[in-house]
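The values are calculated or read from the model by the stated rules, or taken from the named source; none is laboratory data. Please read all numbers here as calculations on a predicted model, not as lab measurements. With ideal geometry, Cβ positions are generated from the backbone for all residues, glycine too; neighbour counts draw on all protein chains shown. These area figures cover heavy atoms from the full protein model, side chains too; ligands, DNA and RNA do not enter into them. Shrake-Rupley method; radii C 1.70, N 1.55, O 1.52, S 1.80 Å.
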Amino acid sequence: MIDEPLPDALNSEIDAILDGADAHADRRLVRRMVRTAILLGEDDADRLDLKIASAALAEMRDAFRLFAPFRGVPKVTVFGSARTRQDDPLYLTARDVAAALASDGWMVVTGAGPGIMQAASEGAGPALSLGVSIRLPFEEKAQGLITDNDQVVAMKYFFTRKLMLIKESLGFICLPGGFGTLDEMFELLTLQQTGKAEPTPIVLLDQPGGTFWQGLRSFIDDHLAPTGVISEGDFDRVVITDSVDAARAEITGFWHNYDSLRWVGGALVLRLRAEPTDAEIEALNEQFASMLSSGRIERTAPRQPEVADDDLLELPRLMLHLDQRQVGNLFRLIGAINALPSAPAR
């Protein structure tokens, strides 16, 4: 139980420690972490379990501190093989797409290794590169910009590394790679499909004329979708391309009119950059009625919790009651919002 009680005297000691550490921000959450650590000790947990929990929390703190100064800067994570050589066309593609997005003001996040990761860091340049590396005994370390850049954090565990490669980014570009790259790509799709992550653009980028991702699409169309283990159209949220310009347009265009979302009670509030017309809202209701559990898509003012948090109050809003089984299809609604005639000029 997360809120399993502790003796009052111990709670008082925890509060005294937090007071002495001047830890006042989000005090309830900090107290919960301290309580959980104490309860782990009371559980007579295995030493390995304690080492995993301790290291994971320490790694996340290091990563949070790395990303904190750049909270207001949009980020794109680039995944791909560590084995790609510098004379490979894929290396040039990764470098070019990172450079293109950096020129638009985006930071590029990578796994801080060689191959595609190094190419993307080179394209973005040291000021706009962030790295989350993994400590492996056998993998070659990247040279140059990545190792010379202070904006890198090293992780022991893949699960904490993957968290940080995904958590902060507003877009993802996957280039061809092996088990690790495919694992990262399928993790993104799973999070989107299940609604455990907010909708974001995902681009599967190949070298000019490459067919790597087309092979994956064929497998999904021929084997996964027909057997019902995924829904028809689940893979439509991904853009497959061999064009750097198309990849760049997909990442930036996703945020063309759509800004963000927030759940308020049982309602989903979508924040936009431009106010939609009544006719446009009516068209959205006609197109996406099957996604609603009740009611209609309606214009709304900021809701009380948003006002209390001063949460993007200047933006226009749409509100709907989403059928939770349709949460994976939010990307379709966002695409329609971005295509509205009222949307800002590109």
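Data table
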read-out: Boolean, residue 113 is at pLDDT below 95 and either of a type in the set (Val, Ile, Thr) or exposed (fewer than 14 other Cβ atoms within 10 Å of the Cβ) (or both); value: no
read-out: Test: residue 264 is under 30 Å from residue 176 (Cα atoms) and open to solvent by less than 70 Å² (accessible area, probe 1.4 Å); value: no
read-out: Qualifying residue in the stretch 32-40 (condition: open to solvent by 20 Å² or more (accessible area, probe 1.4 Å) and of a type in the set (Ser, Thr, Tyr)); value: yes
read-out: Residues of the stretch 190-212 classified as open to solvent by less than 20 Å² (accessible area, probe 1.4 Å) and assigned to a helix (DSSP H, G or I), total; value: 1
read-out: Qualifying position, being over 30 Å from residue 123 (Cα atoms), of a type outside the set (Gly, Ala, Ser) and within 17 Å of the chain's Cα centre (by Cα), among 268, 272, 261, 284; value: 261
read-out: Residue in the stretch 161-171 that is open to solvent by less than 30 Å² (accessible area, probe 1.4 Å), touching a Lys or Arg at 6+ places or on another chain (Cβ under 8 Å) and among the acidic types (Asp, Glu) present; value: no
read-out: Residue 75 being modelled with pLDDT of 90 or more and over 28 Å from residue 185 (Cα atoms); value: no
read-out: Verdict on residue 101 being closer than 23 Å to residue 169 by Cα, open to solvent by 30 Å² or more (accessible area, probe 1.4 Å) and at pLDDT 95 or above; value: no
read-out: Filtered residues of the stretch 174-189 (kept if open to solvent by 30 Å² or more (accessible area, probe 1.4 Å) and of a type in the set (A, V, I, L, M, F, W, C)); value: 179, 182, 186
read-out: Number of positions in the stretch 237-247 that are of a type in the set (Ser, Thr, Tyr) and open to solvent by 60 Å² or more (accessible area, probe 1.4 Å); value: 0
read-out: Residue match in the stretch 219-236 (condition: farther than 30 Å from residue 103 by Cα, of a type in the set (Gly, Ala, Ser) and surrounded by 15 or more Cβ atoms within 10 Å (Cβ to Cβ)); value: yes
read-out: All positions within the stretch 190-215 that are within 11 Å of the chain's Cα centre (by Cα), over 23 Å from residue 130 (Cα atoms) and free of Cβ contacts under 8 Å to residues at least 60 places away in the same chain; value: 196
read-out: Residue in the stretch 279-298 that is most open to solvent (accessible area, probe 1.4 Å), counting only those that are among the acidic types (Asp, Glu) and in contact (Cβ under 8 Å) with a residue 12 or more places away in the chain; value: 298
